[in-house]
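Asks: Take a look at this one; I'll ask things after.
The values are calculated or read from the model by the stated rules, or taken from the named source; none is laboratory data. The model shown is predicted, which means the values in this text are computed figures rather than measured ones. Here the Cβ is made from the backbone with ideal geometry for all residues, glycine too, and neighbour counts use every protein chain on show. Heavy atoms of the whole protein, side chains included, go into the accessibility calculation; ligands, DNA and RNA do not. Shrake-Rupley method; radii C 1.70, N 1.55, O 1.52, S 1.80 Å.
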Amino acid sequence: MKAMVVRELGEGWVPEDVEIADPVGNEVRVELKASGLCGSDLMEMRSEVNYPPPAVLGHEIAGIVTAIGPNVTQFAVGDHVAGCLVQFCGKCERCLSGDVGLCRHPEDTLRGEGEAPRLTDAEGKELTQGMALGGFAQESLVHENMLVKIPDEMPFAQASILGCGVVTGTGAVLNAAKVKRGDSIVIIGAGGVGLNAISGAVIAGASQIIVSDLNEPTLETAKKFGATHTINSSEQDLVAAVKELTGGYGVSAVFDFVGATPTARQGYDMLDRGGVLYQIGMAGPDAVIETHNLANTFDRKGIQGVFMGSGVPKRDIRILSDLYLNGRLNLDDLVSAEISLSEINEGYEKLKDPETNRVVITKFD
Ligand code: CXF
Ligand code: ZN
C-alpha cells in the first residue's frame, strides 16, 4: 500500500510503498477513507521521543473494515469505523471503572516483542506505527479497542476528526468540567480543538461562553460555533474583561487550549470562587504557574489536567456522531480543506492559516 513516511526528523513526509500485515488477535484492518492532520503529528515528525523514524504517523482516522483478526468481537467486514488514539486494555481496574484514559496496560493494544511488525518498508524493515494507528496511509491495522463503529450515513471526513480534536474539546467541557446550564465559562484558544469546547458548552447549556484568541478571524468562527462573547487578548486585558462580563465574580471554569504560562496565569486569575482551570493545551515542561494555598483552600480554586477529553472515546464518539447527524454538533465548519494523501506537507502549511481549522485527507490514490 501507499503510505507517507517520516524518514528523517523534521524533514516532512515522503511517499513509499509499505507492507501492512494481516490482522491477528484483536486487530482490525481498515481501508482508510479519511485521515485528519493534527498538530501532534507535526510535533512528532520533528521529535524522536515517542515515534522514532522511519514512521507512519497520522491518528485521526475513519474508514471501512476489510479484515478482522480471529479474536475480534466488536466489528465485521464492511463496518464503518472511526479511530481514537486512547489505548486501553479493557480489563484493569481503571478500565473497569470507566476511566480508560488511565488504563494500566495500554500496551495490550500493540503487538508484543517477537511478533512480526504491523508495518514494514520495501526492504522488510519495521516502520513505527504512530499512536498505534498509522493513519497517513491507505490502510491501517488497529486493535479493536481503538475503533468505534459509526453510522453509515456519517461522512468520513467529519468522522475522522471525532477521535482527536472533537473528543478532546467537547470532553473537556462535558466530561472533565461537567459544565451545567447557566454556567459562565471561558475558552482560551479557539483553533481546531478549542472550537469543539464551544460546541460542548452550547450542548451543556452554558449561559456565557466567553472565547479569547489572538486572531480576529478565529473569533469570528468562534461566534459561528456559539461563543456569546469574544475577546481579542492581544488588544484587551483578558482577566479584567472577563471580570467585567461576570459582575466582578469571574467564571466557574476556564479551558486553556494553549497551556503556556501566561494563559494559565490568566486562566487561574479569572476563576470565580470554587472555579477550576482545565489545562488541555500542552505547552511543554517550562509552562509553570504558582498558586496560593489560601486561594486553593478558602476560595476552593484548582487546576485540573485533561487528556483526550478525559472520557470514554468509544462512548463519546458514538454520542458525537449522533449529535452531528441530528444537526446538533457543527463538524462541517471544522473541515476547512480536503486533500490527497500525497499532499500532507502542503496540508500542514495550510494549517498555519488561522482561518483553517482542520485539514483532512480524503483521497488515497
Ligand atoms: C496528543 C497530544 C500529545 C500527546 C499525544 C496525544 N493528542 C492529540 O493529538
Ligand atoms: Zn491529534
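Asks: Quick check on my filter: what residues within region 118-162 are closer than 17 Å to residue 27 by Cα and open to solvent by 40 Å² or more (accessible area, probe 1.4 Å)?
Replies: Listed by number, the residues that qualify are 138, 149.
Asks: Which condition breaks for residue 15 when tested against (1) more than 16 Å from ligand 1 (Cβ to nearest atom); (2) touching a helix residue (DSSP H, G or I) at 6+ places or on another chain (Cβ under 9 Å); (3) under 26 Å from residue 77 (Cα atoms)?
Replies: Going through the list (1) more than 16 Å from ligand 1 (Cβ to nearest atom); (2) touching a helix residue (DSSP H, G or I) at 6+ places or on another chain (Cβ under 9 Å); (3) under 26 Å from residue 77 (Cα atoms), residue 15 breaks only (3).
Asks: Looking at (1) surrounded by 20 or more Cβ atoms within 10 Å (Cβ to Cβ); (2) without any contact (Cβ under 8 Å) to a residue 12 or more places away in the chain, which is the one condition that is false for residue 327?
Replies: With respect to (1) surrounded by 20 or more Cβ atoms within 10 Å (Cβ to Cβ); (2) without any contact (Cβ under 8 Å) to a residue 12 or more places away in the chain, residue 327 is out only on (1).
Asks: On the basis of being assigned to a helix (DSSP H, G or I), more than 14 Å from the chain's Cα centre (by Cα), farther than 20 Å from residue 278 by Cβ and among the hydrophobic types (A, V, I, L, M, F, W, C), does residue 361 make the cut?
Replies: no
Asks: Among the residues in region 173-183, are any of a type outside the set (Ser, Thr, Tyr), under 25 Å from residue 99 (Cα atoms), open to solvent by less than 20 Å² (accessible area, probe 1.4 Å) and touching a strand residue (DSSP E or B) at 6+ places or on another chain (Cβ under 7 Å)?
Replies: Yes, the conditions are met somewhere in region 173-183.
Asks: Let me ask you something else. Yes or no: region 191-201 includes at least one residue that is open to solvent by 10 Å² or more (accessible area, probe 1.4 Å), assigned to a helix (DSSP H, G or I) and within 16 Å of ligand 2 (Cβ to nearest atom).
Replies: Within region 191-201 (the criterion being open to solvent by 10 Å² or more (accessible area, probe 1.4 Å), assigned to a helix (DSSP H, G or I) and within 16 Å of ligand 2 (Cβ to nearest atom)), the answer is no, since none of the residues qualifies.
Asks: Might you check whether a residue that is touching a strand residue (DSSP E or B) at 6+ places or on another chain (Cβ under 6 Å) and closer than 15 Å to residue 36 by Cα occurs anywhere in region 293-315?
Replies: For region 293-315, residues touching a strand residue (DSSP E or B) at 6+ places or on another chain (Cβ under 6 Å) and closer than 15 Å to residue 36 by Cα: absent.
Asks: Tell me, which strands (runs of 3 or more DSSP E) lie completely within region 1-114 with 2 or more residues that are basic (Lys, Arg) and either within 16 Å of ligand 2 (Cβ to nearest atom) or surrounded by 19 or more Cβ atoms within 10 Å (Cβ to Cβ) (or both)?
Replies: The strands (runs of 3 or more DSSP E) meeting that bar are 27-37.
Asks: Go through (1) part of a strand (DSSP E or B); (2) open to solvent by less than 70 Å² (accessible area, probe 1.4 Å) one by one and return the number of the condition residue 338 breaks.
Replies: (2) is the only condition that residue 338 fails.
Asks: Given the residues 21, 76, 3, 55, which is the only one that is more than 22 Å from residue 167 (Cβ to Cβ), within 16 Å of ligand 1 (Cβ to nearest atom) and hydrophobic (A, V, I, L, M, F, W, C)?
Replies: Going through 21, 76, 3, 55 in turn, the sole match is 55.
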